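The values are calculated or read from the model by the stated rules, or taken from the named source; none is laboratory data. What you see is a predicted model; the values in this text were computed from it and never measured. Quick reminder, even Gly has a Cβ in these numbers, built from the backbone with ideal geometry, and neighbours come from all protein chains shown. The accessibility values were calculated without ligands, DNA or RNA, using every heavy atom of the protein model including side chains. Shrake-Rupley method; radii C 1.70, N 1.55, O 1.52, S 1.80 Å.
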Amino acid sequence: MRSTIAASLLATILTSLAAPALAGPGDTALDDVKVLSADAMQGRAPGTPGSQLARTYILERFKLIGVAPVGEGFERPFRFTRKDGTTITGVNLVARIKGTAPDGKALVVTAHYDHVGVRNGQIYNGADDNASGVAGLLAVAEAFKEKPPLHDVLIVALDAEEGGLRGAKAFVAEPPIPLSAIGLNVNFDMLSKNAKGELYAAGAAPQPALKPILDAVARTAPVKLKLGHDTDADGKENNWTTQSDHGAFAGKGVPWVYFGVEDHPEYHQPTDDFETIPQPFFKASVATVIQATRAFDERLGEVAR
């Protein structure tokens, strides 16, 4: 019965998203979060029916946006073993938007779509973590389809971030383009909740070439964009360099930048639901990451290896 209800929900939402009135980049971001964090998704744990349902939704959004796969299809399965010895198949989703003036370097934009599933009978919906980041990823795809980028852009929805960055590690182990061709990884993880209205961009301290670009974005960004959380100055726990999927890229020497909020009371709790998202902040956050990703495309030569 649950699968029938979920399929009906998907069909209704996808029909509404196809309407011309919702054609602007980021217009559907709230809808994306609402669907991906619905109880029907069962917390999107890798290898579960909820994960498959989330993947189906993202793939339909890819088709509506008009992005193309790299190779024969969007899906790139990988396998990993959990601590309990269980082998799981995760699936990354990879799309490409062709650049108008490619110079051999590409921008890889990532967000993980998995969360922690169901624990002790409670669904952990992961609205902020990381349905919000996937919504930002899709909004960036919409923006680059509306106005094509200079460089090729890969739009990558990663699986199995929770518990070890498994999807990102699989991506960099067998990348669809050479690692040397990735000029920058732009990663979104938790874009929607901050009581102070602050969104952080991490990466400028260890990679100074990012700072002038981020400073320029911050001056006109719709949210308060702050730089930080990329050194051990405030303790290793406050250094986000390896704490989300960009860590796998950093480990391979690929330039990276990460956008996210600080932890909040709903972080990794069953209360991380759509209803707890401050919608004006989230909309401004999505507009900010669109603006920032566009700036990195335009100035990719300043940060690429």
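State the percentage of accessible surface on the stretch 25-302 attributable to carbon and sulfur atoms; use a 1.4 Å probe and exclude ligands, DNA and RNA.
Values: 5240 of 10690 Å².
The C+S portion of the solvent-accessible surface of the stretch 25-302 is 49 percent.
The stretch 53-83: which trypsin sites (Lys or Arg not before Pro) are DSSP loop and have at most 15 other beta-carbon atoms within 10 angstrom? Intermediate values should be presented prior to the final figure.
Working: sites: 55, 61, 63, 79, 82, 83; in loops: 82, 83.
Of the trypsin sites (Lys or Arg not before Pro), the ones in loops of the stretch 53-83 whose Cβ has at most 15 other Cβ atoms within 10 Å are 82, 83.
Just how much of residue 89 is accessible, in Å², when a 1.4 Å probe is used and the result is rounded to the nearest 10?
60 Å²
Please tell me the relative contact order of the chain in percent, rounded to the nearest whole number, where contacts are Cα pairs under 8 Å and at least six residues apart. Numbers along the way, then the final one.
On the way: 644 pairs, mean separation 64.4, N = 305.
Averaging sequence separation for qualifying contacts and normalising by length gives 21 percent for the chain.
Going by average Cβ density within 10 Å per residue, which order do the peptides 287-297, 257-267, 172-182 take, highest to lowest?
On the way: 287-297: 22.0, 257-267: 20.2, 172-182: 15.5.
Ranking the peptides 287-297, 257-267, 172-182 by packing returns 287-297, 257-267, 172-182.
Hey, what's the stretch 25-302 come to in accessible area per residue, 1.4 Å probe, Å²? Before the final figure, lay out the partial values.
On the way: 10690 Å² over 278 residues.
For the stretch 25-302, the per-residue accessible area is 38 Å².
Tell me the label only: which of (i) 31, 56, 12, 1; (ii) 30, 51, 17, 2, 0; (iii) 37, 60, 3 is P(r) over Cα pairs in 20 Å bins from 0, in percent as calculated from this structure?
Matching entry in (i) 31, 56, 12, 1; (ii) 30, 51, 17, 2, 0; (iii) 37, 60, 3: (iii).
Which log10 I(q)/I(0) values does the stretch 77-198 give at q = 0.11, 0.14, 0.20 Å⁻¹ under the Debye formula, counting every alpha carbon as one identical point scatterer?
Log10 of I(q)/I(0), two decimals: -0.43, -0.66, -1.14.
Multiplying the sequence separation of residue 295 and residue 98 by 0.36 nm and subtracting their Cα-Cα distance, what value in nm do you get? Don't skip to the answer; put the middle values down first.
Working: separation 197, 0.36 × 197 = 70.92 nm, distance 1.67 nm.
Difference between extended and current length: 69.3 nm.
Could you work out which residue, out of 228, 26, 126, moves most in a Gaussian network model of the chain, that is, has the largest mean-square fluctuation with Cα springs under 10 Å?
Judging by the Gaussian network model, the answer is 228.
Relative to the present Cα-Cα distance, how much length would full extension add between residue 269 and residue 236 at 0.36 nm per residue of separation? The partial results should precede the final answer.
Details: separation 33, 0.36 × 33 = 11.88 nm, distance 2.28 nm.
Extending this stretch completely gives an extra 9.6 nm.
Compare the peptides 103-113, 189-199 by average per-residue count of other Cβ atoms within 10 angstrom and give them in order, highest first.
103-113, 189-199
Considering the chain as a Gaussian network with a 10 Å cut-off on Cα pairs, which listed residue, 227, 93, 154, attains the greatest mean-square fluctuation?
So, out of 227, 93, 154, the one fluctuating most is 227.
At 222 nm, what value in deg cm²/dmol follows for the chain if DSSP H runs of at least 4 each add -39500 (n - 2.57) and the sum is divided by all its residues, to the nearest 500?
Numbers: 8 runs with 99 residues, N = 305.
Helix contribution divided over all residues of the chain: -10000 deg cm²/dmol.
Between the alpha-carbon centers of the stretch 262-305 and the stretch 148-183, tell me the distance in whole angstrom.
Going from one Cα centre to the other spans 18 Å.
Sorting check: for 238-245, 114-121, which peptide has the highest mean count of neighbouring beta carbons within 10 Å, and how do the rest follow? Spell out each step's value before the answer.
Details: 238-245: 19.8, 114-121: 17.0.
The densest-packed peptide leads the list: 238-245, 114-121.
Mind listing the phi-derived Karplus ³J(HN,Hα) values for the stretch 121-129, rounded to whole Hz, using 6.51, -1.76 and 1.60 with θ = phi - 60°, and x for any glycine or proline?
x, 9, 8, 9, 6, x, 5, 6, 10
Which of 76, 166, 219 moves the most in a Gaussian network model of the chain with Cα springs under 10 Å?
Highest fluctuation among the options: 219.
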